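The values are calculated or read from the model by the stated rules, or taken from the named source; none is laboratory data. In this text the structure is predicted, and so the values were computed from the model without any measurement. Here the Cβ positions follow ideal geometry from the backbone for every residue, glycine too, while neighbour counts run over all protein chains shown. Quick note on the areas: whole protein, heavy atoms, side chains included, nothing else; ligands and nucleic acids left out. Shrake-Rupley method; radii C 1.70, N 1.55, O 1.52, S 1.80 Å.
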Amino acid sequence: LWQWQYLLVISCHPTNLSTTRLYTGVLSYHITTMSRLLLFCCCLLVAGSNAFVNTRPNLQVKKSTTKSLNVIPEAFTDTPETARSYFYIWFVGGQGGATVALGQFPRQFSKFKSLFEMSEEGPTAAGETVGLSPLCLYPRDISKADVDQVLSNKLSVEQMVAKGPKPNYMSEKGYLCFDSFADANKKCNPLTIRAVFDAMSTGDNVDPSIAQRKLDEFRSDPSAFKNSLQKQKLAGFSSIAFLLFLLGPIVAETCIEAASFGWFPEWPGGANLPWSLLIGPGFWTIPEYWI
């Protein structure tokens, strides 16, 4: 999703960050991830393009023996060969999505672990808390005084980027990374620093113009910080959930049904997939019907 945000920024603000070259470099850096997602989406479009069209007009269509909610077009179930082709398209496309989705779990676990470690570190002013939503999945609430200390930093975002460390490609291209933000607020509470940065970005890097606008907004409106943090957290979680939804109920079920039509079409459990794999007749009976 953030790749499309870069394109939107270029189209709306052509002079942002002085050159469009910066955004081109960012997109090039993530070409591997984008190519996997684009491959996955293209496979969905190619495979689904014939869903509502009879691609074999001279062929007498057989009455479907699948369940009423079958996700495979009849044009791909008339012969085992076409069903196998359909399986290969969805299986290969699903690999890219699976790589992206599964790669998020180690990152999220590492981030949660670091949040718990930060909750016990550094000084805190205590006192009245912000009232973070449980949906943010923070180990504890944070103090308003700690947030005010971070927001009272006189350095601009550009100065933070210039003076701070640059541990990755995007920070070298002028983006504000978490390490630079933490270095500029090293005397503040670590968990609060992380919370303020998370309210500006779903990752570890953020466009400096967006970061500056967010910080100014947090300073002028005390409630904006809490609302923005919850919004960013939900956006990150929902993107992962959406990928899992595509890989589970859609991609996985389609691959299973295509494999059924392609390699064991006479198997009696084909009409009740995927439950028939476990509850009668069971996947162990498939070899008897393999072709």
Notebook entry, point to check: In region 236-291, which residue that is in contact with a Pro (Cβ under 8 Å, 6 or more places away or on another chain) and hydrophobic (A, V, I, L, M, F, W, C) is surrounded by the most Cβ atoms within 10 Å (Cβ to Cβ)?
Noted result: Phe261
Next item on the list: Six or more apart or on different chains, Cβ under 8 Å: which pairs go from a residue in region 104-130 that's free of Cβ contacts under 8 Å to residues at least 40 places away in the same chain and open to solvent by 80 Å² or more (accessible area, probe 1.4 Å) to one that's assigned to a loop (DSSP other than H, G, I, E, B) and not aromatic (Phe, Trp, Tyr)? Could you list them?
Entry: Phe116/Pro139
Notebook entry, point to check: Which one of Thr192, Thr254 is under 30 Å from Asn272 (Cα atoms) and among the hydroxyl-bearing types (Ser, Thr, Tyr)?
Noted result: Thr254
Next item on the list: Taking Gly164 as meeting all but one of (1) under 25 Å from Arg140 (Cβ atoms); (2) surrounded by 15 or more Cβ atoms within 10 Å (Cβ to Cβ), write down the number of the exception.
Entry: (1)
Next item on the list: Determine whether region 206-215 contains at least one residue that is surrounded by 20 or more Cβ atoms within 10 Å (Cβ to Cβ) and outside any helix (DSSP H, G or I).
Entry: yes
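Mind telling me which of the residues Ser114, Ser143 ends up being at pLDDT below 85 and of a type in the set (Ser, Thr, Tyr)? First the steps, then the outcome.
Values: Ser143 fails: at pLDDT below 85.
After ruling out the rest, the residue left standing is Ser114.
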